[in-house]
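**Q** This is the structure, below, for whatever I ask next.
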Amino acid sequence: MKNSLKKLNSFGVESFCNEIYIIKSYENYLQIKQNLKEKKIIILGGGTNILFKTQNLDYTILKVDIEGIEIIEDYDENIIVSVGAGVNWDDFVSWCVKNNYGGVENLTLIPGNVGSAPIQNIGAYGSEIKDVIYSCEGFYLESSEHKIFNKNECEFEYRSSIFKQKLKNKFLISKVNFRLSKKNHRINTSYKALSDKLIEKGIKDPSISDISTLVKEIRESKLPNYNQLGNAGSFFKNPVLKKKNFEKITNKYSSMPFYKMSENEYKLPAAWLIEKCGFKDICENQVGVYKNQSLVIINKGGATGSDIYNFSQKIKQEVKNKFDILLEEEVNII
Ligand SMILES: Cc1cc2nc3c(=O)[nH]c(=O)nc-3n(C[C@H](O)[C@H](O)[C@H](O)COP(=O)(O)OP(=O)(O)OC[C@H]3O[C@@H](n4cnc5c(N)ncnc54)[C@H](O)[C@@H]3O)c2cc1C
């Protein structure tokens, strides 16, 4: 019997897979492993960064539902906390803020689960999860071998890691271990929208709770609720250009915003490129770009995975034609 994935992806597209197994522990995986022989596997968390392009997927889904938050080391200045991959990311952030553990407050309200957060090194408002990750642990699906990846071994990059590259759907993260501050928190207000908000509210010496509250406020005003308007956040990554290519483009488009990452690397806002190609607040076949953030592709209701995919490729082609920049998808397309 085919299993519907409609409620398991934030685009809300209808798609069917062969089987779904809920993984609650490593032992649980060992019990079902014999049923997985020769099968193509997709590991799934909250389904908020995935697009099921085809309706009938010849895949078996492993939905990760490993619970638990446990402090495993407690020092004067910081703690190491071990969190089950199935814990909701924002519930974990709330737990940290409530207990005054610092480091994840800028990542408030990012949808999805803790186990998926290292996959693309989630980031927002000037922070990335790699800044607080101590290690990621889990097991290889094929051999069942358990492994702990220390932070360096995770090969974190902008919206990427070893788990999104060569270990994609091969290694299941079961727990993520974080190092969080207990005092002398390093409050990060480097992101302009956040520092503007602090000025607006007259907050001079923000606590981690203030940061979390303000990030929540900004996100709610800018991003669509995927329960009402299907989406997966930013569809594309912001492109990073070498200095020579960057200068070629700015000579032509002097008003283009950018962020200098290093002497030779410049990040451009993909949303700006998309808008300049005429896609601001555009809709086709129930698929569109979100009015407040052109990097977010939305399902206005009833769109299929292929409608969304085709629309995204049209955007990609227009950006390539106009700017000679090839956008890379941030969303995982199956
Ligand atoms: C409204 C909205 C806003 C967003 N804002 C941001 C943002 O600000 N910053 C940001 O970085 N992202 C953002 N995202 C994207 C998304 O929230 C994150 O990428 C999140 O980490 C995805 O979690 P998930 O559990 O839903 O992952 P899923 O979509 O279920 O999976 C994502 C990928 O991870 C793999 N995977 C999942 N769990 C595991 C596991 N345990 N082991 C191994 N592989 C696994 C899957 O196979 C898939 O390739 C946003 C999404 C939405 C809908």
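**Q** Can you name every one of the helices (runs of 4 or more DSSP H) wholly within segment 242-334 that holds 2 or more residues which are among the acidic types (Asp, Glu)? Break it down stepwise before answering.
**A** Working: elements: 243-252, 270-276, 305-323.
Hits in segment 242-334: 305-323.
For every residue, the table says whether it meets (1) more than 20 Å from Arg159 (Cβ to Cβ); (2) of a type in the set (D, E, K, R); (3) in contact (Cβ under 8 Å) with a residue 40 or more places away in the chain; (4) not assigned by TED's automatic domain parsing to the domain that holds Leu180.
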| position | (1), (2), (3), (4) |
| --- | --- |
| Lys40 | yes, yes, no, yes |
| Ile43 | no, no, yes, yes |
| Gly46 | no, no, yes, yes |
| Pro111 | no, no, yes, no |
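**Q** Could you please tell me which pairs satisfy a Cβ distance under 8 Å, a separation of 6+ or placement on different chains, a first residue in segment 193-204 that is assigned by TED's automatic domain parsing to the domain that holds Lys216, and a second residue that is loosely packed, with under 13 Cβ neighbours inside 10 Å?
**A** Listed by first residue and then by second, the contacts come to Leu198/Lys204.
**Q** Quick check on segment 264-305: of everything there that is surrounded by fewer than 17 Cβ atoms within 10 Å (Cβ to Cβ) and among the small types (Gly, Ala, Ser), which residue is farthest from Phe52 (Cα to Cα)?
**A** Ranking the candidates gives Gly278 first.
**Q** For residues that are aromatic (Phe, Trp, Tyr) and closer than 19 Å to Asn113 by Cα, scanning just segment 130-157, find the one that is nearest to the ligand (Cβ to nearest atom).
**A** Taking segment 130-157 first, the residues aromatic (Phe, Trp, Tyr) are 134, 139-140, 149, 156.
Narrowing the set further to residues that are closer than 19 Å to Asn113 by Cα leaves 134, 139, 149, 156.
Values: Tyr134: 17, Phe139: 10, Phe149: 11, Phe156: 12 Å.
My answer is Phe139.
**Q** Only one of (1) in contact with a strand residue (DSSP E or B) (Cβ under 7 Å, 6 or more places away or on another chain); (2) under 25 Å from Ala271 (Cβ atoms); (3) modelled with pLDDT of 95 or more is not met by Lys164, so which one is it?
**A** (1) is the only condition that Lys164 fails.
**Q** Sort through Tyr21, Tyr29 and tell me the only one that's outside any strand (DSSP E or B), under 24 Å from Gln165 (Cα atoms) and either more than 14 Å from the ligand (Cβ to nearest atom) or at pLDDT 95 or above (or both). Give the derivation first.
**A** Details: Tyr21 fails: outside any strand (DSSP E or B).
One residue alone meets the criteria, Tyr29.
**Q** I'm told Lys183 meets every condition in (1) loosely packed, with under 14 Cβ neighbours inside 10 Å; (2) free of Cβ contacts under 8 Å to residues at least 12 places away in the same chain; (3) in a loop (DSSP other than H, G, I, E, B) except one. Can you identify the failing condition by its number?
**A** (2)
**Q** Can you name the condition, by its number, that Glu217 falls short on among (1) of a type outside the set (Val, Ile, Thr); (2) modelled with pLDDT under 95; (3) over 18 Å from the mean Cα position of the chain (by Cα)?
**A** Among (1) of a type outside the set (Val, Ile, Thr); (2) modelled with pLDDT under 95; (3) over 18 Å from the mean Cα position of the chain (by Cα), Glu217 violates only (2).
**Q** So Ser144 clears everything in (1) surrounded by fewer than 17 Cβ atoms within 10 Å (Cβ to Cβ); (2) in contact with a Leu (Cβ under 7 Å, 6 or more places away or on another chain); (3) assigned to a strand (DSSP E or B) except one condition, right? Which one?
**A** In the conditions (1) surrounded by fewer than 17 Cβ atoms within 10 Å (Cβ to Cβ); (2) in contact with a Leu (Cβ under 7 Å, 6 or more places away or on another chain); (3) assigned to a strand (DSSP E or B), Ser144 misses (3) alone.
**Q** Just for segment 158-177: of the residues that are outside any loop (DSSP other than H, G, I, E, B) and more than 10 Å from the ligand (Cβ to nearest atom), which one is surrounded by the fewest Cβ atoms within 10 Å (Cβ to Cβ)? Walk me through it before giving the result.
**A** Filtering segment 158-177 for residues outside any loop (DSSP other than H, G, I, E, B) gives 160, 171-177.
Still in the list and also more than 10 Å from the ligand (Cβ to nearest atom): 160, 177.
Details: Ser160: 16, Asn177: 20.
Checked segment 158-177; the qualifying residue surrounded by the fewest Cβ atoms within 10 Å (Cβ to Cβ) is Ser160.
**Q** A follow-up question, please. Could you check segment 101-113 and list, in sequence order, the residues that are aliphatic (A, V, I, L, M), surrounded by 24 or more Cβ atoms within 10 Å (Cβ to Cβ) and within 8 Å of the ligand (Cβ to nearest atom)? Before you say what the answer is, go through the steps one by one.
**A** We begin by selecting, within segment 101-113, every residue aliphatic (A, V, I, L, M); these are 104, 107, 109-110.
Narrowing further to those that are surrounded by 24 or more Cβ atoms within 10 Å (Cβ to Cβ): 104, 107.
Of everything in segment 101-113, just one residue is aliphatic (A, V, I, L, M), surrounded by 24 or more Cβ atoms within 10 Å (Cβ to Cβ) and within 8 Å of the ligand (Cβ to nearest atom), namely Leu107.
**Q** Just to be sure, is Ile148 among the aliphatic types (A, V, I, L, M) and under 11 Å from the mean Cα position of the chain (by Cα)? Even if it seems obvious, please write down each step before you answer.
**A** Working: among the aliphatic types (A, V, I, L, M): yes; under 11 Å from the mean Cα position of the chain (by Cα): no.
So Ile148 fails the test.
**Q** I'd like to check something: does segment 64-74 contain any residue that is within 12 Å of the ligand (Cβ to nearest atom), under 17 Å from the mean Cα position of the chain (by Cα), crowded, with 22+ Cβ neighbours inside 10 Å and within 24 Å of Gln165 (Cα to Cα)?
**A** So in segment 64-74, the residues within 12 Å of the ligand (Cβ to nearest atom) come out as 64-66.
Applying the additional criterion that residues be under 17 Å from the mean Cα position of the chain (by Cα) yields 64.
Of the ones still in play, those that are also crowded, with 22+ Cβ neighbours inside 10 Å are 64.
Still in the running and within 24 Å of Gln165 (Cα to Cα): 64.
Yes, that holds for at least one residue.
**Q** Also, quick follow-up: Inspect segment 46-62 for any residue being surrounded by fewer than 21 Cβ atoms within 10 Å (Cβ to Cβ), among the polar types (S, T, N, Q) and within 8 Å of the ligand (Cβ to nearest atom) and give the result as yes or no.
**A** yes
**Q** Please give the number of the condition Asn188 fails out of (1) touching an Asp or Glu at 6+ places or on another chain (Cβ under 6 Å); (2) in a loop (DSSP other than H, G, I, E, B); (3) within 16 Å of the ligand (Cβ to nearest atom).
**A** Just one mismatch for Asn188, condition (1).
The values are calculated or read from the model by the stated rules, or taken from the named source; none is laboratory data. A quick note: this is a predicted structure, and the numbers were derived from the prediction, not measured. All Cβ positions, even for glycine, are placed from backbone atoms using ideal geometry, and neighbour counts span all protein chains on display.
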